[in-house]
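What follows is a set of notes on a single structure, which appears directly below.
The values are calculated or read from the model by the stated rules, or taken from the named source; none is laboratory data. Bear in mind that the values here come from a model prediction, so they are computed numbers and not experimental data. Neighbour counts are summed over all protein chains in view; Cβ atoms, including those assigned to glycine, are modelled from backbone coordinates with ideal geometry.
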Amino acid sequence: MRAFSLSGNRLLWTSPVAKGSNPFTGNNLVYSTFYSESKSYLIALDQATGTEKWRYAPTKGSLETASISLDGTSIAFISSPSVLGEGYVLYVLDAITGKLRWEKSVYNNNFSLIVGAKVYVRTGTINDATITAFDVNTGSKVWESRSLGVSLPGPMCVITADGKTYYMPESGMRQ
C-alpha cells in the first residue's frame, strides 16, 4: 500500500498489505488485512505517517476472504476457517484501539455490516438465508429474520428509517 500527498505525486509512506486487500480509512486511520508468518491480521495504520497503531489476529480462522465493516468506533468482520473443523466467527473490535469487544460463532461466512448500534449479519444458503442483528457493544442478538426467496451471496444494504429496518439482498427489499 502506498499513500501519496493530495497536492501532488509525493510518496508519504508505504506498507505491505495482504493480497486482494481493500484498504479503507476512518478515524484518521487506514485499515487493511495483513499476512505474516502464515497468520492473518487486521491492522490499523496512522493515516498521516503509516505507523502501525494496532494489529489484531483472530483467535480462529483467517481474514483472507473477510468483508470488513466500519462505523464510527466499531469494526466488524467474519473470519473463514483456516483448518478443518474450525467454524466462522464474527468479531467486533473497538476501531480506535483494536481491542476485542466480542465474538460469536456464525453459520457461515457471508457479510457483516454495522449501522448505528447494530451489526447486521447475513448467513445461510442461497435458498435459506437469515439476517441477524446484534447489539454492536454487547453482542446480544436483537432480532433475526429469514429471507424470502433467493438470497445470493454478496453485499447487502441496510437502511433504517422511522424506527424500521430495511435490508436489500440481491433478490429485493425486505422490511
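Residues in the stretch 34-45 that are out of contact with any strand residue (DSSP E or B) (no Cβ under 6 Å at 6 or more places or on another chain) and either assigned to a strand (DSSP E or B) or among the aliphatic types (A, V, I, L, M) (or both) were compared, and the one that is farthest from Thr14 (Cα to Cα) is Lys39.
Residues that are modelled with pLDDT of 65 or more and aromatic (Phe, Trp, Tyr) do not occur anywhere in the stretch 158-169.
For the subset of the stretch 108-135 comprising residues that are outside any strand (DSSP E or B), over 14 Å from Ile78 (Cα atoms) and out of contact with any Leu (no Cβ under 8 Å at 6 or more places or on another chain), which member is modelled with the highest pLDDT? This residue is Ala117. On the stretch given as the stretch 65-104, residues that are over 12 Å from the mean Cα position of the chain (by Cα) and part of a loop (DSSP other than H, G, I, E, B) total 13.
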